[in-house]
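Undergrad: To start, I am sharing the structure in question, which I have written as structure tokens.
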Amino acid sequence: MPEKNVTLSLKGCVRGAMMCVPVFPGIIALGAVFGTVAAQKGLTFLETLMINSLVFAGASQFVAMEVYDDPLTWGTLVAMVGVTGAVNMRMLLIGASLRPWLGKVPAYKTYPALYLLTDLNWLLALSEYGKGERDWGIYLGSGLIVWSVWSLSVIPGYFAGSLISDPKAFGLDVVLPAFFAALLVPLWKGRRQTVSWLAAGVVAALTWYLVGGYWSIFTGALAGAFAGAYLDD
Amino acid sequence: MTDAAFSADRMFVLAVLSMALFTYALRAGGYWIMGRLPITPRVRRGLESLPGAIIVSTVLPIVLQGGLAVGLCLVVAAAVQVRLRKEYVAVFAAAAAAAGLRAAGL
């Protein structure tokens, strides 16, 4: 199969950004809730903006705020960094899977762009890659828009905690998982996916029951990848 | 005036920078390692299996935690997607289903 050239275009960036629009309500609600949590924990506005925009990894920020205590001691600092790492361990895997695509792009472009890596823009980009897309603007554009929306969404939450008093009542908490479930559908091709997803599901559920927390994403993903790799056609 | 909106605690800044750096190391680390390993057909198949495996491993604990209502909403999303292949319709249908189920007290 002839391999298409990897390109980068503004059109691709815009298309990647537009693909994120359906999940804006989910991102904004989650970011606003984070702003509220940060305000309740006594962070200053600047501190809230910093943690939200620099760390840029939703679930891990929430877990780190669980650990946070004012005044911040060295022990707590290490714990915050530790839980952040544990929750974000899956990024090793998702970054690895971009290699066949972004590996053809110069390192001085890819390494800054990897800062924008999230589950969301990664999934969007890879589902387009699966359809034959090679314009990595899909990844870049979606990453930039998600970062921008996420960075802004924390502000109303910080100043008006009760703005969205109950995201659940509007179904906003299912927006991101529903988007992921929708992205899963076109990924199914046959037996390899069935086996891989079953392996991932069983291991993730077991990990969730036994260990709890966010480890299940990492262990389930590894199990699914191994199952997919070792199932010969 | 240590609590002014635009002030930041030095320890907190250190914590944020460490968290950001660690997270970036994970974001870039897997990509970096794969540049140093040969991508055999088996490795490629493993990497190609990752998106689905990650979605399943991310979503399943959310369903286990969220219970029947969340599970049903995701079924709605998947069903809409199977029929229409339009992510935004799937997401909207799932959110509407969640709002409806919760209003019904589920």
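The values are calculated or read from the model by the stated rules, or taken from the named source; none is laboratory data. Note that the structure is predicted; figures quoted are calculated from it, not measured. Note that each Cβ is placed from the backbone with ideal geometry, even for glycine, and that neighbours are counted across all protein chains shown.
Undergrad: Can you list residue pairs whose Cβ atoms sit under 9 Å apart, with the first residue in region B:90-103 being aromatic (F, W, Y) and the second being not in a helix (DSSP H, G or I)? Count only pairs 6 or more apart in sequence or on different chains.
TA: Cβ pairs passing all conditions: none.
Undergrad: Something else about it: From B:A69, B:A20, grab the single residue that is within 7 Å of chain A (Cβ to nearest Cβ) and part of a helix (DSSP H, G or I). Spell out the reasoning first.
TA: Working: B:A69 fails: within 7 Å of chain A (Cβ to nearest Cβ).
Only one candidate qualifies: B:A20.
Undergrad: Then there is this: Considering only region A:196-233, how many residues are farther than 25 Å from B:T40 by Cα, facing chain B (nearest Cβ under 7 Å) and of a type in the set (A, V, I, L, M)?
TA: 2
Undergrad: Just to verify a result, which residue in region A:99-122, among those that are within 20 Å of the chain's Cα centre (by Cα) and of a type in the set (V, I, T), is nearest to A:L184 (Cα to Cα)?
TA: A:T118
Undergrad: Criterion first (free of Cβ contacts under 8 Å to residues at least 12 places away in the same chain and either surrounded by fewer than 22 Cβ atoms within 10 Å (Cβ to Cβ) or closer than 30 Å to B:K86 by Cα (or both)) does A:G31 satisfy it? I'd like the intermediate steps shown before the answer.
TA: Values: free of Cβ contacts under 8 Å to residues at least 12 places away in the same chain: no; either surrounded by fewer than 22 Cβ atoms within 10 Å (Cβ to Cβ) or closer than 30 Å to B:K86 by Cα (or both): yes.
Against the criterion (free of Cβ contacts under 8 Å to residues at least 12 places away in the same chain and either surrounded by fewer than 22 Cβ atoms within 10 Å (Cβ to Cβ) or closer than 30 Å to B:K86 by Cα (or both)), A:G31 does not qualify.
Undergrad: Can you find a residue that is more than 9 Å from chain B (Cβ to nearest Cβ), modelled with pLDDT under 90 and touching a Leu at 6+ places or on another chain (Cβ under 6 Å) anywhere in region A:41-63?
TA: There is at least one residue in region A:41-63 that is more than 9 Å from chain B (Cβ to nearest Cβ), modelled with pLDDT under 90 and touching a Leu at 6+ places or on another chain (Cβ under 6 Å).
Undergrad: Give the residue that is modelled with the highest pLDDT, with candidates limited to residues of region A:159-169 that are part of a helix (DSSP H, G or I) and more than 22 Å from the chain's Cα centre (by Cα). Step through it out loud before you land on a result.
TA: To start, the set of residues in region A:159-169 that are part of a helix (DSSP H, G or I) comprises A:159, A:167-169.
Going one step further and asking which of them are more than 22 Å from the chain's Cα centre (by Cα), we end up with A:159, A:169.
Details: A:F159: 89, A:A169: 82.
Only one residue tops the list, namely A:F159.
Undergrad: Just to be sure I understand, how many residues within region A:34-52 are among the small types (G, A, S) and surrounded by 20 or more Cβ atoms within 10 Å (Cβ to Cβ)?
TA: Matching residues across region A:34-52 total 2.
Undergrad: Confirm whether A:I155 is surrounded by 22 or more Cβ atoms within 10 Å (Cβ to Cβ) and either of a type outside the set (D, E) or in the same structural domain as A:K41 (by TED's automatic domain parsing) (or both). Steps first, please.
TA: Working: surrounded by 22 or more Cβ atoms within 10 Å (Cβ to Cβ): no; either of a type outside the set (D, E) or in the same structural domain as A:K41 (by TED's automatic domain parsing) (or both): yes.
The answer is no for A:I155.
Undergrad: On to the next question. Within region A:175-195, take every residue that is more than 8 Å from every other protein chain (Cβ to nearest Cβ) and assigned to a helix (DSSP H, G or I) and give me the one that is nearest to B:F92 (Cα to Cα). Steps first, please.
TA: So the first thing to find is which residues in region A:175-195 are more than 8 Å from every other protein chain (Cβ to nearest Cβ), and the list is A:176, A:189-191, A:194-195.
Going one step further and asking which of them are assigned to a helix (DSSP H, G or I), we end up with A:176, A:191, A:194-195.
Working: A:L176: 11, A:R191: 30, A:T194: 27, A:V195: 30 Å.
Here the answer is A:L176.
Undergrad: Of the residues in region B:92-106, how many are under 12 Å from B:V75 (Cβ atoms) and either charged (D, E, K, R) or more than 20 Å from the chain's Cα centre (by Cα) (or both)?
TA: 2
Undergrad: Of the residues that make up region A:13-28, is at least one within 27 Å of B:F6 (Cα to Cα), at pLDDT below 90, in the same structural domain as A:V175 (by TED's automatic domain parsing) and hydrophobic (A, V, I, L, M, F, W, C)?
TA: For region A:13-28, residues within 27 Å of B:F6 (Cα to Cα), at pLDDT below 90, in the same structural domain as A:V175 (by TED's automatic domain parsing) and hydrophobic (A, V, I, L, M, F, W, C): absent.
Undergrad: Which residue out of A:G212, A:G141, A:G157 is of a type in the set (G, A, S) and free of Cβ contacts under 8 Å to residues at least 24 places away in the same chain?
TA: Values: A:G141 fails: free of Cβ contacts under 8 Å to residues at least 24 places away in the same chain; A:G157 fails: free of Cβ contacts under 8 Å to residues at least 24 places away in the same chain.
Just a single option satisfies the conditions, and that option is A:G212.
Undergrad: Would you please name the residue that is surrounded by the fewest Cβ atoms within 10 Å (Cβ to Cβ), looking only at residues in region B:25-65 that are β-branched (V, I, T) and farther than 21 Å from B:A78 by Cα?
TA: B:T40
Undergrad: Does B:L106 qualify as being more than 8 Å from chain A (Cβ to nearest Cβ) and not β-branched (V, I, T)?
TA: Working: more than 8 Å from chain A (Cβ to nearest Cβ): yes; not β-branched (V, I, T): yes.
Yes, satisfied.
Undergrad: Taking into account only those residues within region B:72-94 that are more than 8 Å from chain A (Cβ to nearest Cβ) and of a type in the set (K, R), which is surrounded by the fewest Cβ atoms within 10 Å (Cβ to Cβ)?
TA: B:R83
Undergrad: Please work out if A:K11 is of a type in the set (D, E, K, R), out of contact with any Ser or Thr (no Cβ under 7 Å at 6 or more places or on another chain), surrounded by fewer than 21 Cβ atoms within 10 Å (Cβ to Cβ) and part of a helix (DSSP H, G or I). Working first, answer last.
TA: Numbers: of a type in the set (D, E, K, R): yes; out of contact with any Ser or Thr (no Cβ under 7 Å at 6 or more places or on another chain): yes; surrounded by fewer than 21 Cβ atoms within 10 Å (Cβ to Cβ): yes; part of a helix (DSSP H, G or I): yes.
So A:K11 fits the description; yes.
Undergrad: Hey, another quick one. Given (1) among the aliphatic types (A, V, I, L, M); (2) without any contact (Cβ under 8 Å) to a residue 60 or more places away in the chain; (3) within 29 Å of A:V37 (Cβ to Cβ); (4) in contact with a Leu (Cβ under 8 Å, 6 or more places away or on another chain), identify the lone condition not met by A:A96.
TA: That leaves (3) as the condition not met.
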